1. Tell me, please, whether a residue that is modelled with pLDDT of 95 or more, within 16 Å of ligand 3 (Cβ to nearest atom) and more than 30 Å from residue 364 (Cα to Cα) can be found in the range 261-271.
2. Tell me, which helices (runs of 4 or more DSSP H) lie completely within the range 157-250 with 1 or more residues that are under 23 Å from residue 273 (Cα atoms)?
3. Quickly run through the range 336-386 and pick out the residues that are at pLDDT 95 or above and among the hydroxyl-bearing types (Ser, Thr, Tyr).
4. Regarding the range 273-289, can at least one residue be identified that is among the polar types (S, T, N, Q), touching a Phe, Trp or Tyr at 6+ places or on another chain (Cβ under 7 Å) and away from ligand 3 (no atom under 16 Å from the Cβ)?
5. Would the range 182-203 turn up any residue that is in contact (Cβ under 8 Å) with a residue 24 or more places away in the chain and on the phi > 0 side of the Ramachandran plot?
6. Does the range 135-157 include one or more residues that are surrounded by fewer than 21 Cβ atoms within 10 Å (Cβ to Cβ), in the same structural domain as residue 94 (by TED's automatic domain parsing) and under 22 Å from residue 96 (Cα atoms)?
7. Suppose the filter is within 8 Å of ligand 2 (Cβ to nearest atom), surrounded by fewer than 23 Cβ atoms within 10 Å (Cβ to Cβ) and touching a residue at least 60 places away in the same chain (Cβ under 8 Å); does residue 331 pass it?
8. Only one of (1) within 16 Å of ligand 1 (Cβ to nearest atom); (2) closer than 28 Å to residue 293 by Cα is not met by residue 178, so which one is it?
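The values are calculated or read from the model by the stated rules, or taken from the named source; none is laboratory data. Quick caveat: nothing in here was measured; it's all calculated off a predicted structure. As a convention, Cβ positions derive from the backbone with ideal geometry for all residues, glycine included, and neighbour counts pool all protein chains shown.
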Amino acid sequence: MKYQSQQVALAYIACALLLFAVQVLVGLLAGWIYVAPNFLSELLPFNIVRMIHTNALVVWLLLGFFGAAYYLVPEEAETELYSVRLAYIQLAILMIGALGAVGSYLVGIHGGREFLEQPLWVKVGILIAALIFLGNITATALRGRKTAVTNVLLLGLWLLSLLWLFAFYTPANLSLDKMYWWFIVHLWVEATWELVMASVLAYLLLKLTGVDREVVEKWLYVIVGTALFSGILGTGHHFYWIGTPGYWQWVGSIFSTLEVVPFFLMMSFAFVMVWKGRRNHPNKAALLWSLGSATVAFFGAGVWGFLHTLHGVNFYSHGTQITAAHGHLAFFGAYVALNLAFFTYAMPQLRARDPYNQVLNMGSFWLMTGGMAFMTFVLTFAGTIQTHMQRVVGEYFMEVQESLSVFYVMRFGAGVAVVIGALLFIYSVSVVRSREIIEPGPMQAATGE
Ligand code: HEM
Ligand code: HEM
Ligand SMILES: [Fe+2]
């Protein structure tokens, strides 16, 4: 860590980890309700539990991205952050908004639009926080060295913030409502967040493998190009059955199939960089998370996405447990694991300690990744049976659900492994007191940081 202002990332990571714990614990509760459907039904209905689970996920991932930007932009730009105070104000607004949203959900106040359930004042708060962030980080980037990593990161963050404006528009027509809804939900995870992922991954690989910047930049541009080319019209895979014209079935099928390409490239990129790299960086756990993220993202988003993206398949599988299987592995691989890779890389430096707690951290990688993979498999089996019985044979939804109960028990078991892994991760990066750095440790010596 070269710049004092990078330290603000620590506060972002701490808040992100707190919400991460809430997210997976509440997920476990949602998983239990699938096993015992009446559990807490009067006190805390399933729809509210689900809302807290998915909202906490998105908010902590964004906090992680903001933290990553505050950490890596000063270093890339070779200058202190424009304003540390603004960064803390932004964090405070986001945390008050997050608490406010959870509080509203608990008393039954919400907008009802999946992922965008936040009350209006929280949405406005998020917008103000995003504006503060964009101003702060852009001012920092402009006054220093310009690199491809910061350019791509800023492009992704600007575009995703602009897309947030659609959260304020809810047309009365249900087809139009869905169309604009996907402009956020799809164009976040399958276009703009991909740019954030590619740039953070590029930064980590630069640091961890010591490969030449020129090589990293070439990969980065190709990944960005293919992500935007495929992802924008790929939105069509959500326009099959919402009342939009029929040509979307072809546009969506073709372009969303191409969406596999950037995820394949990111995985190849990660492995080729490690293969070509000259640096033997001591933070092996951060490298494991980086490679793991790119790999699981390829399977979760690329393979499990393609599985149900062609309109002929989606006609049957739409909205079944297959969707939930894909949603979990894609979010985990691409954005959860990437954030955890960054936390694993940055935490030892932010806390001025050598990364001697790596065994625990790597253990948490295998527990979480194994748990998520198992959860994906059982939900895929459940979804296949559901698709057949409900959509082909034509049985009633609730009767089919009854016969899937064994899978929901297994999903709960997988969830327990994920939660233990998550708590272990948090412990490994924040609580474990590894050796304090008095002189530069092997990690600082290896990277010159
Ligand atoms: C970091 C790990 C996790 C991520 C990234 C994640 C992500 C998600 C996402 C994106 C959704 C919405 C899915 C959709 O719309 O299809 C969801 C719903 C859900 N998640 Fe998780 N989740 C995680 C951990 C867990 C855990 C540990 C459990 C425990 C069993 C769990 C259980 C559920 C349940 C029951 C739902 C509701 C599914 C439904 O409505 O049918 N999740 N999660
Ligand atoms: C990291 C990237 C991705 C993430 C985080 C992600 C996440 C999700 C989530 C949460 C849903 C459920 C939305 C809802 O209805 O509530 C979903 C739906 C869907 N995703 Fe993805 N996805 C990603 C990439 C992809 C890719 C690359 C493809 C295609 C190759 C794809 C194909 C689909 C399709 C077809 C649906 C609709 C499923 C249905 O009809 O029920 N996704 N995705
Ligand atoms: Fe999509």
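1. no
2. Of the helices (runs of 4 or more DSSP H) lying wholly inside the range 157-250, those with at least 1 residues that are under 23 Å from residue 273 (Cα atoms) span 193-209, 213-234.
3. Matches in the range 336-386: 344, 345, 364, 369, 376, 380, 384.
4. Yes; the residues of the range 273-289 include at least one that is among the polar types (S, T, N, Q), touching a Phe, Trp or Tyr at 6+ places or on another chain (Cβ under 7 Å) and away from ligand 3 (no atom under 16 Å from the Cβ).
5. no
6. Yes, the range 135-157 contains a residue that is surrounded by fewer than 21 Cβ atoms within 10 Å (Cβ to Cβ), in the same structural domain as residue 94 (by TED's automatic domain parsing) and under 22 Å from residue 96 (Cα atoms).
7. Taking the combined requirement at face value, the residue satisfies it.
8. If we test residue 178 against (1) within 16 Å of ligand 1 (Cβ to nearest atom); (2) closer than 28 Å to residue 293 by Cα, just (2) comes out false.
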